[in-house]
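The values are calculated or read from the model by the stated rules, or taken from the named source; none is laboratory data. Quick caveat, the model's predicted, so the values are computed rather than measured. No Cβ is skipped: glycine too gets one built from the backbone with ideal geometry, and neighbour counts run over all protein chains shown. The area values use the complete protein model at the heavy-atom level, side chains included, leaving out ligands, DNA and RNA. Shrake-Rupley method; radii C 1.70, N 1.55, O 1.52, S 1.80 Å.
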Amino acid sequence: MNVKELLEEGAGPELVSRLFHIERYAWMALSYDMAVAVDMDGCILAANAAWQRSTGLWPEALRGQYLLEFMDFEDRERVLAAFQSLITSDAASTTFDFRFRCEAGQFKRFNWNVLFFPDTEIFYCIVKDLSNVHDLHHAAYHDTLTGLPNRLFLTDALPKLVEGAINHRHVLGLFFIDLDGFKAVNDTLGHQAGDILLQTVAERLRRCVSKPENCVRLGGDEFVLLETWPCDAYAPEALATSILGAVNMPVCIDGREVCVGASIGVALAPAAASAPAELMDLADKAMYSAKRGGKNRFVLAAGAEAPACVMGLESQDVNR
């Protein structure tokens, strides 16, 4: 429902409010999973009956409360940043998990799939209770929209991959990818089209790396690819070029072809960094450098002096 268009066509605020209420009620009533609407201040506007089944809390007990009050303290900063990213970035949706305080103070880990609608300034959330999922590990470590490993998987896997590259004298490449033009698809064709686009791109990216499980969706339209090569056969430029080609291929949505690009930042371990957080930061900065340089290109992050096995690496930024 486009509130702006309704008002421009002469609908009064009472009609808009009533239509929005009906739409929101229908969406929640039809969802088997927990569903909740949250405003820009983090106040819970409405919740469906599924919350009582998983948390022991009736919808009436949640309505009017602030979501922050139900978050485990250690998860708050990360989750609030994820919500804020939907307002300030091109992405319309994201997914994450955190520990939610249920009845009697018990905490359960829930997976949240969140959509933000600028017209209403409301977050719509579909929430899964991971304790009720048969394959708990898979649900916790994978994105619900694309099926790719998620940020939590990357947090656990990256230190092991960096350590393995150092111990075996290999080169680990981290490719930080942000889609160019994704917001335009959402704005013109709607969020469902955006989801189809993300799913299609995710499948293409998965095929770019030798191990599909090393293709990660961070959230929104951000992805990370990880690849490991022997020191005498690493090829980050070739892989980055392959990624650009895969992303640039048109996607057919409802009979209409749409195209997006990719800004890619590449950082190599251990040449550029041996600490996972530093490696991510370098790749992130290189990705933004690619955006500033015209988008739909890649930049190799400069790093410290390379060890003997990777002395062939150019230490300057490379654009394509």
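For the range 111-194, the calculated P(r) over all alpha carbon pairs, in 10 Å bins from 0 to the bin holding the longest distance, is 14, 31, 31, 19, 5, 0 percent. Using every pair of separate Cα atoms, the Kirkwood estimate puts the hydrodynamic radius of the range 194-286 at 14.3 angstrom. Distance between the pseudo-spin-label points of residue 140 and residue 73 (7 Å out from Cα toward the beta carbon): 2.2 nm. Between residue 231 and 171, the built amide H atoms are under 5 Å apart, and every one of these is 5 or more places off in sequence or on another chain. Here the Karplus relation 6.51 cos²θ - 1.76 cosθ + 1.60, evaluated at θ = phi - 60°, turns the backbone of the range 196-209 into coupling constants of 4, 4, 4, 5, 5, 4, 4, 5, 5, 5, 4, 7, 7, 10 Hz, with x for every Gly and Pro.
Efficiency by 1/(1 + (r/R0)^6): what FRET value for residue 101 and residue 211, r their Cβ-Cβ distance, R0 = 45 Å, to the nearest 0.05? FRET efficiency, residue 101 to residue 211: 0.75. Calculate the translational D of the range 233-281 in whole µm² s⁻¹ from Stokes-Einstein, where the hydrodynamic radius comes from the Kirkwood formula applied to all Cα pairs, the temperature is 25 °C and the viscosity 0.890 mPa s. Translational D for this selection: 188 µm²/s. Scaling against 2.2 N^0.38 Å puts the C-alpha radius of gyration of the range 149-219 at 1.35. Counting only Cα atoms, the range 106-263 measures 53, 47, 24 Å along its principal axes, largest extent leading.
Packing, taken as the mean count of other beta carbons within 10 Å per residue, orders the peptides 166-178, 67-79, 225-237 from highest to lowest as 166-178, 225-237, 67-79. Where the centre of each part is set by its Cα atoms, how far does the range 113-132 sit from the range 286-303, in angstrom? A separation of 32 Å, based on Cα centres. Using θ = phi - 60° in the Karplus curve 6.51 cos²θ - 1.76 cosθ + 1.60, the 3J(HN,Hα) couplings for the range 236-241 round to x, 5, 5, 5, 4, 5 Hz; x is entered for Gly and Pro. Amide hydrogen proximity for residue 262: with H placed 1.01 Å from N in the peptide plane, the residues at 5 or more positions away or on another chain lying under 5 Å are 180, 296, 297. Pairs over the 27 Å Cα-Cα cut-off, from the set 160/295; 211/285; 108/183: 160/295; 108/183. If the Kirkwood radius is taken over C-alpha pairs of the range 211-264, then at 10 °C and 1.306 mPa s the Stokes-Einstein diffusion coefficient equals 121 µm²/s.
The string of couplings for the range 106-112 from the Karplus curve (6.51, -1.76, 1.60, θ = phi - 60°) is 6, 9, 10, 8, 10, 9, 10 Hz, one whole number per residue in order, with x for Gly and Pro.
According to the calculation over all Cα-Cα pairs in the range 49-170, the P(r) per 5 Å bin from zero is 2, 10, 16, 21, 19, 14, 8, 4, 2, 2, 1, 0 %. Rolled with a 1.4 Å probe across the full set of protein chains, the surface gives residue 99 an accessible area near 70 Å².
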